[in-house]
Each structure stands twice: as C-alpha cells, then as structure tokens.
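Undergrad: Would you mind keeping the following structure in view while I ask a few things?
No value in this document is a laboratory result; all are computed from the given coordinates. Just so we're clear, the structure is a prediction, and the values are computed from it rather than from any experiment. Here Cβ is always computed from backbone atoms with ideal geometry, including for glycine, and neighbour counts include all displayed protein chains.
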Amino acid sequence: MKGMKRWNLRQQNANSADNSLASAVLAARGIDIEDDRISDPLLIKDMDKAVEIIKSALCNGEKIVVFGDYDCDGITGTVILCQYLAAQGGEVDWYIPSRDEGYGLNFEAIDSIKEKGAKLIITVDNGISCAPEAAYIKEKGIKLIITDHHTAPSCGTMPEADAVVNPKRPDDTSPFKELAGCGVVLKLIMAIEDDIEGVLEQFADLAALGTIGDVVPMLGENRIIVKRGLEIMPYTENIGLYKLLKHSGFSLEEDDGKLTAGALSFTVCPRINVAGRFAHAKKAAELLLSETEELAEVRSAELTVLNNSRREAEGQILSQVDAIITGNPALLSERVLIINGENWHDGIIGIISSRLLTRWGKPNIVINNDGEFIRGSARSVDGFPLVPLLEHCSVHLEKFGGHVKAAGLTAKSENLSSVAAKIKAYSAEHFPEMPFDVLNIDKIIVPEDLSLENIESLKSLAPFGESNPMPLFLMQNCAILSKKPLKDGKFLSFNVKIGNIVQKILNFNCTYDDFNYENNQSVDILVTLDINEYNGTRSISAQLKDIRPSGFNQDRYFAALRTYERLVRGESIDVGLEARVIPEKEDVKIIYDILRLGITDAERIYTEAAAKGINYCKFRIIIDILKEFGLLEYNLISSKINLLTAPSAQKADLESSVMLAKVRSLTR
C-alpha cells in the first residue's frame with residue numbers, strides 16, 4: 001500500500017488539567033505552552049560581540065551589506081535586518097545569491113561586495129558552513145558577523161568571523177535552539193534595542209512568515225513569534241506583504257479565521273520562495289521592501305504568475321519521477337529512495353522531495369544532474385537524521401548542509417554513483433531496520449468528546465506546525481453509513497456512526513471513485529477537528545487524514561513489508577521465515593481469484609488476502625510472480641492491479657518463476 005504510515009498513540013494522561021480536548025492533547029504531548037516566552041537574546045553566544053560591531057558600524061557610517069539566502073526564511077530575515085539598519089540611519093545594502101551561485105557565501109560575491117566599499121558583512125540564514133569564504137573575507141579586511149541557525153558540520157571548522165551568532169553552535173548555552181534564520185535576526189535586533197516587545201510589534205509579521213516557511217518546530221520562541229505575527233499581519237504596515245496577502249486570497253478587512261500558519265504555508269510562503277526558485281530571490285525581497293502601493297502591486301502580481309509556473313513545472317517533474325519509479329519499482333525497496341533526473345529545475349527538487357516523502361513515507365533524495373554538477377534535496381522521517389548521512393558522503397561533495405529532516409547537497413556529476421553508493425552503505429550499516437513515517441495520535445475520540453465547546457478549546461493550541469501539528473484523533477470501529485462526491489467527484493464526504501453519533505467526514509485525499517470502502521464496513525479513521533461556520537450556523541468539521549479497516553494489524557504488516565524490501569534488495573532473511581514468504585500454488589490461486597472478482601485497488605486486494613491468512617510479504621511476492629508471468633499489471637503510482645489475461649493461474653508453472661527462485665536463494 002502506497003506510503004502507509006505507522007499509527008502511534010501518544011501516552012495518554014488521565015490527570016490532565018481539565019476534561020477539554022486541548023488539555024488532553026497537551027498532556028499527551030508533554031508540553032506546556034503557557035511557559036512560552038522569549039529568552040534574553042544576549043544569552044546566545046557572540047550576540048554581545050555582534051551588537052557592539054553593528055553599533056560601531058552605524059556610529060561610524062560604515063557600509064553594511066546583509067548577505068541573505070534565497071528561501072522564505074532568508075529573504076524575510078534579510079528584509080527585516082535591512083529595514084531596521086536603514087531606520088537607524090545606516091548605509092545598508094543587501095545581497096542574495098541566485099541558485100546558480102549556490103547556497104551561502106561565495107568568493108565572486110565577496111569580491112563584488114568589496115568593490116562596493118563594504119566594511120561589514122552580516123549573513124542571514126547562512127554562513128556556518130562557509131569557513132573558507134569567511135577566511136577570504138578576513139583577508140579582504142572586511143568585518144563579518146554570521147547569523148545562522150543550521151547545524152554546524154561536525155567535521156568542519158567554525159568560520160573565522162568577528163561574531164558567529166547561531167544557537168546551534170556547539171558551545172552555545174542559550175535555552176532555545178530551534179529559531180529560524182529570521183528568528184535569529186529578530187533576536188539580534190532585540191539585543192541591539194534591548195526591547196523584546198517593541199521589536200516583535202514591528203517585525204513579527206515578516207518573522208512569522210520566515211519561521212513558517214522554514215518548517216522549524218512550532219514550539220517555544222517560534223510559537224510566540226508566529227502567534228504575534230498572525231495577530232498583527234492583518235494590519236501590517238509592510239505594503240509588499242499586504243499586497244501579497246491579498247493576491248493569495250486573504251480578506252484582511254475582517255477576521256474570518258482563515259489567516260493561519262497552515263494557510264500561509266500553502267499560499268504566501270510559496271510565493272516568496274518561488275522568486276528564488278524560478279527567477280531571483282531579489283524579486284521577493286524587492287516586493288517586501290516596496291515603498292509604493294503601485295510598485296508592490298506589480299511585484300506581487302509577478303510572484304503570483306511565477307508561482308503558477310512553478311506549479312506547472314512541479315507537475316511535469318512529478319510525472320517524470322512517477323515514470324522512473326514505474327520503470328524501476330525496486331527503487332521503492334531501498335532504505336533511501338534516490339531519484340536522479342536530468343536538467344530538472346533546481347528550484348523544484350526540494351518540493352518534489354517533500355511530495356515523495358508524503359507519498360511513499362520514506363527518506364528520499366531528489367537529484368538534478370545538469371551534466372557538470374548534481375544538486376540534491378533530501379527529506380527524511382523522524383529517526384533518520386540527514387546531516388550525519390551527508391557528512392558520511394562529504395568526501396564526494398562540493399557542498400552540503402541543512403537540518404535533521406531537510407537538507408541539500410552539491411557534487412560533481414562524475415561523483416553521482418559514488419554518492420549513491422555511500423548513501424546505501426551508510427544506511428545499511430547504521431539502519432538495518434529503517435524507521436517508518438509515523439502519524440502520532442493525540443487521543444482516541446469517544447462520542448462525548450464531539451462537542452462544539454470541546455473543539456473550540458483546540459484553538460488555544462495554535463499556531464500549528466512542525467512539532468506542534470494540528471491535533472490528530474482516532475475514531476475506532478466506525479460504521480460507514482453513506483458517501484457522496486464533492487467537486488464533481490474530485491473529493492468526497494462520508495458519514496460514519498461512532499457510538500450513537502453520526503459524523504460527516506471530509507476526505508480531500510482521494511477521488512470519490514478511488515475511495516474503496518463500502519457502506520456498513522467497519523473502519524478506524526484518523527481525523528483533525530475544527531469548527532465550520534456557514535450562514536451563522538456552527539458545526540463540527542472532521543477532516544480525514546488516514547483510514548484502515550477495523551482490526552488492521554500494523555505490526556505484522558510493517559514486519560512483512562521490511563522482509564519484502566530486504567528480499568528485493570537481495571539481502572538474506574532468516575530461514576525460519578521461509579514458510580511465511582514462499583507462496584504455494586494455493587496461495588497464488590487465492591490472489592488470482594480475488595483479482596477475478598474485478599477488485600483493482602491494491603489495498604483492498606491485500607485486505608481480502610490477509611483475511612485468508614496471506615501476509616503482506618507473501619502477497620507482494622505473489623503479485624510479482626503473476627506480473628512476471630504476464631498475468632497482471634501493477635501500477636504503483638495509482639496503486640491499481642489489473643488482470644491482463646483470462647487463463648487460470650493454475651496453468652502457470654510456479655517453479656519457473658525467477659522471483660520465486662530469488663526468494664528461495666535468500667532464505668537458505
């Protein structure tokens with residue numbers, strides 16, 4: 001089944017503060033959002049040095065250049081710092097590299113900045129992995145302040161800068177480590193001004209966007225920044241941001257509850273990011289620095305057009321990725337899914353990597369090969385950190401960096417096979433059993449929980465994001481009563497009975513025709529809960545996140561999936577598993593007879609087979625054998641299995657199967 005995720009029920013705590021859903025969620029997650037506050041900025045290592053250097057530069061009229069990054073975090077942080085320094089009367093300029101220049105400081109840019117008379121460079125959202133460039137800046141006689149939030153490479157050297165302000169540097173003892181790059185800039189300004197509240201009031205709107213866009217944990221200080229930013233965003237004095245919000249479909253004249261962190265992550269943040277992906281990040285920076293409504297309107301419209309182009313290109317690349325996987329299904333059995341394409345847009349591969357993580361639920365690296373260099377974007381699941389993986393490959397890399405679950409790399413094209421080999425070797429050595437993508441459940445819902453007052457309490461937990469997702473609830477043993485199409489069948493809704501309550505569930509994950517659950521079937525479902533207001537009437541809105549037949553044994557499924565993937569990779573398995581993985585003729589006939597009923601959905605076919613005692617590993621082996629004999633086709637992308645011929649499976653000589661011979665050789 002495509003990208004099935006493990007369900008994990010968080011530890012339930014019966015001693016929560018009250019009986020509300022919000023209290024139950026906080027207890028299950030073991031967090032206390034009431035303790036959230038901004039800590040003293042000067043607790044961050046080298047912050048005092050940075051403050052003195054900047055004050056001196058402002059006092060002496062020295063030219064300052066802010067060197068940013070080309071993503072939403074870097075762009076907003078650059079704009080915030082430039083606006084602040086300009087307001088202090090500073091001679092300030094900014095530089096954001098193109099994607100062609102690569103991430104972080106580079107020598108040509110430093111030469112250009114030097115020629116323009118810069119006396120001080122301040123990085124935003126980059127610099128911690130740029131030791132050679134930092135040394136070059138020192139040679140040029142330019143002061144350097146690095147503000148960054150990326151993990152310092154354990155095998156690298158701390159850049160030789162006048163100040164390195166990064167909560168994640170090894171010797172930093174400040175209490176909050178998860179700030180985005182724009183958050184580090186915000187705290188830099190707070191330190192200069194000795195004013196936390198005033199700086200939040202002035203810049204939290206832009207800092208909220210950067211924090212949301214960089215998918216850092218929505219806890220602690222990040223939560224305060226985003227919460228304050230959402231409060232002031234409808235009244236923003238930044239003309240460019242105002243126009244961008246309007247172009248993204250937000251009605252700012254009224255509080256309709258639609259301006260949320262989740263909504264911004266899908267609308268405004270991509271419009272800022274698209275400048276660096278499809279044109280140049282300076283277009284987004286110039287928008288947010290616009291001083292007239294007319295100019296802001298033109299620049300905002302331009303980003304909207306670019307965003308539409310991005311969506312089109314994304315669809316084209318996804319189609320090519322699907323074709324690669326269809327042509328080589330064994331890729332999906334690797335510990336890390338590596339997809340290699342040629343002449344793809346560098347600005348899109350990170351989005352594609354995120355899509356693959358959602359679709360297949362496993363770590364992946366999407367690589368663009370232009371013939372000279374490969375550039376890769378990686379996404380991962382909890383339990384498989386990316387930075388150590390890339391450090392293991394560093395001998396073959398030109399550049400790399402990132403976070404635990406999102407990272408990037410650059411290497412020469414000739415090193416592609418070596419990089420792939422290193423990734424496979426590292427994964428096999430350190431993760432013989434790979435972690436699965438997990439859906440963490442906050443509470444099992446009982447009918448008494450489904451009240452408007454109870455669901456209203458969940459709003460106190462917002463804003464939601466990484467590490468503080470929208471609460472996820474489990475409804476067990478629900479009977480499907482009816483279903484109907486939405487948007488001409490593009491989506492659907494279905495009614496379920498839980499206890500004595502009938503609840504409508506919205507499903508935006510598949511089409512009406514692809515929903516393979518029948519009326520009266522008993523299912524377990526994961527949902528998020530919200531309140532819908534329409535024509536003055538308030539009702540409970542439940543949105544489907546995952547669904548399974550009641551009684552599904554996930555432990556057996558995932559154990560069997562691991563075994564199947566080991567076999568496909570050519571790794572041996574315990575001979576004691578032979579009876580559980582090697583199919584007999586009767587097993588093959590069972591699957592074939594299910595297919596003859598006209599059932600095409602892979603998950604439904606497996607469910608029917610499981611009821612007859614066939615585990616997932618054996619099921620996949622049988623499907624592979626029938627495919628080998630030309631009796632069926634299995635579309636991994638649509639998760640559909642179709643019979644191709646009418647002859648009985650009994651006519652096929654099972655003993656002649658190459659797949660079966662391979663399995664036998666690996667179990668002996």
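Undergrad: What net charge is computed for the residues neighbouring residue 512, neighbours being all others with C-beta under 14 Å from the C-beta of residue 512, Lys and Arg scored +1, Asp and Glu -1?
TA: Net charge in that neighbourhood comes out at -1.
Undergrad: Contour minus end-to-end for residue 661 and residue 572, with contour as 0.36 nm per residue of separation and end-to-end as the Cα-Cα distance?
TA: Answer, rounded to one decimal: 30.7 nm.
Undergrad: Which of 129, 109, 86 sits closest to the plus end of the dipole of the range 79-134, meaning its Cα is farthest towards the positive end, when Lys and Arg get +1 and Asp and Glu get -1 on the C-beta?
TA: 86
Undergrad: Which peptide among 118-129, 20-31 comes first, and what is the full order, when sorted by highest mean count of other Cβ atoms within 10 Å?
TA: In descending order of packing, they fall as 118-129, 20-31.
Undergrad: Report the extension gain between residue 40 and residue 98 in nm, rounded to one decimal, defined as 0.36 nm multiplied by the number of residues separating them, less their alpha carbon distance.
TA: 17.4 nm
Undergrad: In which sequence would 662, 55 go, from the one with the fewest C-beta neighbours within 10 Å to the one with the most?
TA: Sorted ascending by nearby Cβ count, the order is 55, 662.
Undergrad: Among (i) 31.4; (ii) 36.3; (iii) 42.9, which is the computed mean projected area of the Cα convex hull in nm²?
TA: Of the listed options (i) 31.4; (ii) 36.3; (iii) 42.9, (i) comes from this structure.
Undergrad: Give the distance, in whole Å, between the Cα centre of the range 593-645 and the Cα centre of the range 138-206.
TA: Centre-to-centre (Cα) distance: 54 Å.
Undergrad: OK, next. Among 498, 349, what is the fewest-to-most ranking by other Cβ atoms within 10 Å?
TA: Lowest count first: 498, 349.
Undergrad: Now, a different point. Within 10 Å of each residue's Cβ, count the other Cβ atoms and sort 614, 365 from fewest upward.
TA: 614, 365
Undergrad: For residue 491, what residues show an amide H to amide H distance below 5 Å, using hydrogens built from the backbone and excluding near sequence neighbours?
TA: The answer is 486, 512.
Undergrad: Need one number: nm distance between label points at residue 171 and residue 32, each 7 Å from Cα along Cα→Cβ, rounded to one decimal.
TA: 3.4
Undergrad: Still on this structure, please answer the following. Report the residues of the range 596-640 in range of a label on residue 509: point 7 Å along Cα→C-beta, backbone N strictly under 20 Å from it.
TA: 600-610, 616, 635-640
Undergrad: Output the 0 to 90 degree angle, nearest 10, between the alpha-carbon long axis of helix 47-59 and the longest principal axis computed from the alpha carbons of the chain.
TA: Rounded to the nearest ten degrees, it is 40.
Undergrad: For the chain, find the longest principal axis of its Cα atoms and tell me its angle to the long axis of helix 585-596, 0 to 90°, nearest 10.
TA: That helix lies at roughly 70 degrees to the long axis.
Undergrad: Once you put a point 7 Å from the Cα of residue 9 and another 7 Å from the Cα of residue 640, both along the Cβ direction, what distance in nm separates them?
TA: 3.7
Undergrad: Which length gain, in nm to one decimal place, applies between residue 398 and residue 438 when the Cα-Cα distance is subtracted from 0.36 nm times their residue separation?
TA: 11.1 nm
Undergrad: Using the Cβ atoms and a cut-off under 9 Å, what net charge is assigned to the surroundings of residue 124, where Lys and Arg are +1 and Asp and Glu are -1?
TA: Around residue 124, the surrounding residues sum to -4.
Undergrad: A follow-up question, please. Please sort 489-495, 471-477 by packing, taking for each peptide the average over its residues of neighbouring beta carbons within 10 angstrom, highest first.
TA: Peptide ranking by packing, descending: 471-477, 489-495.
Undergrad: Mind listing the long-range amide H neighbours of residue 95? Cut-off is under 5 Å, sequence gap 5 or more, other chains count too, H placed in the peptide plane at 1.01 Å from N.
TA: 66, 67, 68
Undergrad: Please give the FRET efficiency for residue 410 paired with residue 86, using the beta carbon to beta carbon distance and R0 = 41 Å, rounded to the nearest 0.05.
TA: Efficiency computed from Cβ-Cβ geometry: 0.80.
Undergrad: Taking θ as phi - 60°, what are the ³J(HN,Hα) couplings along the range 321-337 by the Karplus curve (6.51, -1.76, 1.60), each to the nearest whole Hz, with x for Gly and Pro?
TA: 3J(HN,Hα) across the range 321-337, in whole Hz: 4, 4, 5, 5, 5, 4, x, 9, x, 4, 4, 6, 9, 6, 4, 10, 6.
Undergrad: What distance in nm separates the simple spin-label points at residue 627 and residue 326, each placed 7 Å from Cα in the Cβ direction?
TA: The modelled label-to-label distance comes out at 1.3 nm.
Undergrad: In whole percent, what relative contact order does the chain give with Cα contacts below 8 Å and a gap of six or more residues?
TA: Across the chain, relative contact order equals 11 percent.
Undergrad: Which of 56, 41, 27 sits farthest toward the positive end of the charge dipole of the range 15-62, with +1 on the Cβ of Lys and Arg and -1 on the Cβ of Asp and Glu?
TA: Going by the Cα projections, it comes out as 56.
Undergrad: Let me ask something else about it. Show me 144-153, 517-526, 600-609 ranked by packing, highest mean number of other Cβ atoms within 10 Å first.
TA: 144-153, 600-609, 517-526
Undergrad: Now for a different question. Find how many whole Å separate the alpha carbon centroid of the range 242-319 from the alpha carbon centroid of the range 653-668.
TA: A separation of 54 Å, based on Cα centres.
Undergrad: Hey, another quick one. Grab the beta carbon distance between residue 495 and residue 194, set R0 = 35 Å, and tell me the FRET efficiency rounded to 0.05.
TA: After rounding to 0.05, the efficiency reads 0.05.
Undergrad: Tell me the angle of helix 181-193 to the major Cα principal axis of the chain, expressed in degrees between 0 and 90 and rounded to the nearest ten.
TA: That helix lies at roughly 30 degrees to the long axis.
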